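The values are calculated or read from the model by the stated rules, or taken from the named source; none is laboratory data. Keep in mind the model is a prediction, meaning the values are calculated, not measured. Because the Cβ atoms are built from the backbone with ideal geometry, glycine has one as well, and the counts that use them run over all protein chains shown.
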Amino acid sequence: MILLNIVLYVLLLLLWIFLILLALLILIIIVPIRYQAEGTIGSQTEIIAKVSWFFKLFRIFYTYTSEESTFIIKIGPYTLPAGFLMDSKPVKQEKKKEKPDFSLGFAGVKSLLTNLDIKSIISLVIILIKKLCRKIMPKHLLVRGVVGFSDPCATGQFIGFYEAAACAIGIRSAIDLQGDFSQKNLALDLQMKGKFAIVSLIGPVIWFVWQRPVRDGIKIMRSRERAMT
């Protein structure tokens with residue numbers, strides 16, 4: 001009887017641990033990542049960017065000026081050391097140089113490209129990038145400024161291309177650029193704010209992997225790996 005009670009307590013403890021981990025996983029994928037940036041670009045460049053996640057438990061601050069730049073990562077109230085990223089680099093070990101077998105590599109790549117539907121995969125990759133960009137794009141974007149090149153003709157061509165592209169994409173109200181035809185000039189004011197959740201990116205990725213050309217490509221690559229091993 002005592003042994004049975006111990007087993008039940010252990011199973012109950014494992015169940016609670018599983019439920020807690022599951023809740024944390026759900027929170028991780030549904031809690032949005034918030035980001036914002038503002039500043040000026042030109043003769044006096046200054047950009048301030050902030051990223052926060054998981055109820056501001058993780059925060060990143062980045063400041064860039066013409067003189068210096070700072071990068072700070074905070075976990076709760078604690079600030080990570082400035083050089084922790086540099087210290088975490090793996091130590092490179094010297095390896096004996098071996099003559100690569102280009103003939104085998106080219107033959108394998110040629111065989112792989114022959115079996116894959118490259119055109120369809122490239123088209124699907126472009127669609128996937130567009131889908132992901134729609135999820136990540138800032139909800140608030142405002143860019144105002146003046147652009148000028150040393151050649152007035154080049155400035156006119158740039159402004160014409162910008163007007164056509166901005167109107168076609170629908171960002172003309174968010175990005176307003178004027179041309180300076182008298183001198184070389186770049187002066188921009190930037191304001192950007194947005195958020196996205198990891199769960200919103202899962203759908204486009206699943207859609208991409210589920211497409212037949214991609215599935216066929218994954219099967220081909222797996223079969224090649226098995227054949228090599």
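Name the strands (runs of 3 or more DSSP E) wholly within region 27-79 that hold at least 3 residues that are in contact (Cβ under 8 Å) with a residue 40 or more places away in the chain and out of contact with any Pro (no Cβ under 7 Å at 6 or more places or on another chain)? In region 27-79, 33-41 are the strands (runs of 3 or more DSSP E) which contain 3 or more residues that are in contact (Cβ under 8 Å) with a residue 40 or more places away in the chain and out of contact with any Pro (no Cβ under 7 Å at 6 or more places or on another chain). Applying the set (1) in contact (Cβ under 8 Å) with a residue 60 or more places away in the chain; (2) closer than 30 Å to Ser52 by Cβ to Gly217 leaves exactly one unmet item: (2).
Pick from Leu124, Leu142, Leu128, Leu132: which is aliphatic (A, V, I, L, M), surrounded by 12 or more Cβ atoms within 10 Å (Cβ to Cβ) and not in a helix (DSSP H, G or I)?
Values: Leu124 fails: not in a helix (DSSP H, G or I); Leu128 fails: not in a helix (DSSP H, G or I); Leu132 fails: not in a helix (DSSP H, G or I).
After ruling out the rest, the residue left standing is Leu142.
Among the residues here, Leu190 qualifies as in contact with a Gly (Cβ under 9 Å, 6 or more places away or on another chain) and under 30 Å from Val31 (Cβ atoms).
Any residue at all in region 42-51 that's modelled with pLDDT of 90 or more and either more than 30 Å from Leu186 (Cβ to Cβ) or basic (Lys, Arg) (or both)? The answer is yes, given that some residue of region 42-51 is modelled with pLDDT of 90 or more and either more than 30 Å from Leu186 (Cβ to Cβ) or basic (Lys, Arg) (or both).
Search region 188-213 for residues being among the aliphatic types (A, V, I, L, M) and not in a helix (DSSP H, G or I), and hand back the single one that is farthest from Gly148 (Cα to Cα). Among those that are among the aliphatic types (A, V, I, L, M) and not in a helix (DSSP H, G or I), it is Ala197. Among the residues of region 147-187, those identified as out of contact with any Lys or Arg (no Cβ under 7 Å at 6 or more places or on another chain) and assigned to a strand (DSSP E or B) are Val147, Ile175, Leu177, Gln178, Gly179, Asn185, Leu186, Ala187.
In region 120-162, the qualifying residues are those that are among the β-branched types (Val, Ile, Thr) and within 26 Å of Ile33 (Cβ to Cβ), and the one that is nearest to the chain's Cα centre (by Cα) is Ile136. Among the residues of region 163-191, just one is without any contact (Cβ under 8 Å) to a residue 24 or more places away in the chain, surrounded by 11 or more Cβ atoms within 10 Å (Cβ to Cβ) and within 23 Å of Tyr35 (Cα to Cα), namely Arg172.
Checking Gly170 against (1) more than 30 Å from Lys56 (Cβ to Cβ); (2) modelled with pLDDT of 85 or more, only one condition comes out false. Which one? Unmet condition: (2).
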